[in-house]
1. Does residue 323 count as touching a residue at least 60 places away in the same chain (Cβ under 8 Å) and farther than 18 Å from residue 157 by Cβ?
2. Just one of (1) touching a helix residue (DSSP H, G or I) at 6+ places or on another chain (Cβ under 8 Å); (2) part of a helix (DSSP H, G or I); (3) surrounded by fewer than 20 Cβ atoms within 10 Å (Cβ to Cβ) trips up residue 85, so point out which.
3. Might you check whether a residue that is free of Cβ contacts under 8 Å to residues at least 60 places away in the same chain and in contact with a His (Cβ under 8 Å, 6 or more places away or on another chain) occurs anywhere in segment 41-57?
4. Report yes if some residue within segment 202-222 is in contact with a Leu (Cβ under 6 Å, 6 or more places away or on another chain), buried (at least 24 other Cβ atoms within 10 Å of the Cβ) and in a helix (DSSP H, G or I); otherwise report no.
5. Which numbered condition in (1) closer than 17 Å to residue 36 by Cα; (2) buried (at least 22 other Cβ atoms within 10 Å of the Cβ); (3) over 17 Å from the mean Cα position of the chain (by Cα) is the only one that residue 251 fails?
6. Among the residues of segment 44-77, which ones are assigned to a helix (DSSP H, G or I) and of a type in the set (Gly, Ala, Ser)?
7. For residue 232, are the conditions met, namely being closer than 17 Å to residue 278 by Cα, at pLDDT 95 or above and either in contact with a His (Cβ under 6 Å, 6 or more places away or on another chain) or assigned to a helix (DSSP H, G or I) (or both)?
8. List the pairs whose first member sits in segment 254-277 and is farther than 16 Å from residue 162 by Cα, whose second member is assigned to a loop (DSSP other than H, G, I, E, B) and of a type in the set (Gly, Ala, Ser), and whose Cβ atoms are under 7 Å apart, counting only residues at least 6 apart or on separate chains?
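The values are calculated or read from the model by the stated rules, or taken from the named source; none is laboratory data. None of these values were measured; they are calculated from a predicted model. As a convention, Cβ positions derive from the backbone with ideal geometry for all residues, glycine included, and neighbour counts pool all protein chains shown.
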Amino acid sequence: MASAPPPPCDGPLSPTKDSKAKGAVLGLAWGEARSGGPGRATLQALALAGASLEHRPWALGAWVCWLLAGQREGVWRDGDRFLEEALMRLRRGEPPERTGFPTPRIGPAARVGPLGVLLRGDPASLLTATLESSLVTHADLRAGVFAFAVAYAVARLVDGDEPVDVVAVLPDAVRGVEESWTLPRQPLWERDHGAPHAVSETMREVFHAFPPKERAVLDPSRLRARVVLQARPHMAKHGIAHPNGPFVLLGGMHALSMALLSPLAPGAVLDEIAAQGGGEAALVGAIAGTILGARYGTDWVGDVPDRVRRWADAIARGVRAEDRDEFVRAG
């Protein structure tokens with residue numbers, strides 16, 4: 001007797017935790033490439049994962065070694081003047097707590113996704129690794145705190161939280177980091193504290209502007225307009241408030257809010273970001289792609305290099321695809 005046919009599916013299967021862990025890495029690379037990026041954020045993200053896995057869960061010295069090894073072999077040749085400034089200071093023997101350039105740009109947030117995967121079961125190490133890896137190159141509290149927001153969102157999504165849950169807790173989690181990393185509590189680190197609660201307050205205002213019942217039909221133009229509105233008071237008087245700008249409260253918030261709030265399919269989210277143009281569209285795409293991958297898994301991701309796929313598989317398993325020497329030789 002023939003068996004009964006299986007019942008019809010109600011919709012696509014939810015991605016597994018393994019697929020989400022890989023997706024955070026692959027989505028980063030695909031998001032950067034979708035906007036024509038040279039792969040700078042992707043390479044830094046793989047190096048950051050390698051440093052974390054070399055001395056688990058985290059050692060600042062390991063990250064410094066990976067950065068300097070990459071610099072010696074020309075891995076970072078595509079030009080990031082803030083990274084170059086930090087590396088110059090590190091080569092002179094200055095302590096890493098004093099080498100970062102004081103800028104609230106999105107570079108650290110674009111590379112931090114793998115830490116959200118690797119350290120999601122260790123909140124204390126996730127916080128330390130995210131802030132230290134950011135501030136060593138970008139010595140501004142807003143840059144480090146926003147990178148933490150991305151890593152924390154990735155960690156929660158990979159472990160099964162829905163975006164609505166992440167949106168509900170993220171501003172408070174970020175506010176706690178802003179409080180804990182003020183100068184009296186972290187005296188070794190040199191950093192700019194301008195508007196110390198700017199990230200959590202901006203995030204709260206943007207998220208609260210679009211309650212859950214509105215997100216199913218949220219138009220990207222409304223979201224971009226809100227991000228620009230909230231960021232503008234924190235900018236220089238004549239600064240250009242472009243949604244793909246390098247400032248964390250512009251490009252960073254554009255990426256984060258699109259990836260968590262937009263009802264569009266993940267590929268369409270990246271298309272919307274790329275369509276806005278702007279000098280940092282690739283890094284904005286990398287941030288959004290990281291979060292989208294942690295949310296949707298790997299099935300939507302396009303063609304990325306085999307090397308990145310090997311790293312994504314390894315990171316999901318908690319191992320390195322390459323040691324430091326192999327990484328810099330591969331370039």
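1. Values: touching a residue at least 60 places away in the same chain (Cβ under 8 Å): yes; farther than 18 Å from residue 157 by Cβ: yes.
So residue 323 passes the test.
2. Looking at each condition in turn, residue 85 falls short on (1).
3. No, that holds for no residue.
4. Checking segment 202-222: at least one residue is in contact with a Leu (Cβ under 6 Å, 6 or more places away or on another chain), buried (at least 24 other Cβ atoms within 10 Å of the Cβ) and in a helix (DSSP H, G or I).
5. (3)
6. Residues of segment 44-77 assigned to a helix (DSSP H, G or I): 44-54, 60-72.
Within segment 44-77, 45, 47, 49, 50, 51, 52, 61, 62, 69, 70 meet the criteria.
7. Working: closer than 17 Å to residue 278 by Cα: yes; at pLDDT 95 or above: no; either in contact with a His (Cβ under 6 Å, 6 or more places away or on another chain) or assigned to a helix (DSSP H, G or I) (or both): yes.
No: the conditions fail for residue 232.
8. 269/262; 273/35; 274/35
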